[in-house]
Amino acid sequence: MGDRSRRVLILGGTREARNLAEMMSSDSGFTAVSSLAGRVSEPVLPVGEVRIGGFGGVDGLRNWLGDNDIDVVIDATHPFAGVISAHAAAAAAALDLPVLHVRRPGWRKHREDRWIRVPDIAAAVDTAAGLGSRIFLTIGRQEVGAFADLTGSWFLIRAIDPPSAKLPPNHELLLARGPFAIEDEIRLLTERRIDVLVTKDSGGELTVAKLFAARACGIPVVMIDRPSLPAGARTAESVAAAWDWLRRLP
Ligand code: NAP
């Protein structure tokens, strides 16, 4: 590797990924190339070099890593982006590159919370339908189509960009990007007379206010569990821990 700065692919789309790119942008001994999937029409861009779009599966990613002289892979994608995380692990292993998965901790349940944990979206549909007929979906735009057949329910659907999937017939679409304030979330739950909130266990501060609001209003929350990482994956829970790992690489 010589004296040149190490080239790090940061698989991004998260605040953690942007923070890491920023830390590498100063004279750190690392050069970041950030990668975004290209799902959001106006993404918040990291500093430094950015590429956008899929790689074409594990083989595409492996080729891209080789062609771009990448030394280290940091998977700082969203905890629910399970496919790209698995691809990152496989492609890095094929080239014998060090890889780290940055995973912020999930949210912690408070004793007054009324959470029902479910393993996936399909289970969330069944569970939410049994809890009430006015359902607030805060699961992003990609999977809301799973609720399309719940024709007897009314939905408040919040996403950054409009979903392209078929939506349930009775809904209001709210386009918004966090952070959200607790007072505003309480007002939303109250004014729309929400019976149940559906969320992924994303963790982090940016969108946690909805959980405080649900607690304050006594509203049940269907909490979708994260997909698991590949067996044996090396993880860091924070940007600081990821940075520490990078600095210690032999
Ligand atoms: P996913 O299901 O794990 O990945 C599906 C495919 O999208 C991958 O096979 C890959 O295509 C491409 N891809 C995903 N992330 C990529 C990245 N950072 N750079 C280049 N290609 C990427 O991913 P997802 O859940 O759709 O998430 C897509 C992006 O949105 C990620 O960057 C993630 O951090 C961000 N995000 C996701 C969520 C969520 O709830 N899932 C929430 C917030 C942000 P190829 O196979 O062609 O390489």
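The values are calculated or read from the model by the stated rules, or taken from the named source; none is laboratory data. Just so you know, these numbers come straight off a predicted model, no measurement behind them. Cβ coordinates were reconstructed from backbone atoms using ideal geometry, including for glycine residues, and neighbour counts include every protein chain displayed. Heavy atoms of the whole protein, side chains included, go into the accessibility calculation; ligands, DNA and RNA do not. Shrake-Rupley method; radii C 1.70, N 1.55, O 1.52, S 1.80 Å.
This model, with +1 at the C-beta of Lys and Arg and -1 at the C-beta of Asp and Glu, gives segment 26-89 a dipole about its Cα centre of some 260 debye.
For the chain, what does -39500 (n - 2.57) per DSSP helix run (n ≥ 4), summed and divided by total residues, give at 222 nm, in deg cm²/dmol to the nearest 500? Don't skip to the answer; put the middle values down first.
On the way: 7 runs with 74 residues, N = 250.
Result for the chain, helices only: -9000 deg cm²/dmol.
For residue 210, give me every one of the aspartates and glutamates with a C-alpha distance below 15 angstrom, ignoring sequence neighbours fewer than eight places off in its own chain. Straight-distance partners of residue 210: 112, 113, 183, 184, 185, 191, 195, 201.
Accessible area per residue for the chain is 49 Å², calculated with a 1.4 Å probe on protein heavy atoms, without ligands, DNA or RNA. Here the accessible area of segment 83-240 is 52 percent carbon and sulfur, with a 1.4 angstrom probe and all protein chains present. Taking amide hydrogens as placed 1.01 Å from N in the peptide plane, the amide H of residue 113 sits under 5 Å from that of no residue at least 5 positions away in sequence or on another chain.
Once you sort the root eigenvalues of the Cα gyration tensor of segment 115-224 as a ≥ b ≥ c, which label holds: rounded (a/c under 1.5), prolate (a/b larger than b/c) or oblate (the other case)? Mind showing how you got there, number by number?
Values: a/c = 1.34, a/b = 1.23, b/c = 1.09.
Since a/c stays below 1.5, the shape of segment 115-224 is classed as rounded.
Length gained on full extension, residue 240 to residue 193: 12.9 nm, using 0.36 nm per residue less the C-alpha separation.
What does the charge dipole of the chain about its Cα centre add up to, to the nearest 20 debye, if the Cβ of each Lys and Arg holds +1 and the Cβ of each Asp and Glu holds -1? Mind dumping the intermediate values first?
On the way: 30 positive and 30 negative charges, 94 e Å.
In total the dipole reaches around 460 debye.
Shown is the FRET efficiency for residue 217 and residue 28, computed with R0 = 41 Å from the Cβ-Cβ distance and rounded to the nearest 0.05: 0.35. For the set 164, 28, 5, solvent exposure ranked by accessible area (probe 1.4 Å, protein chains only) runs largest to smallest as 164, 5, 28.
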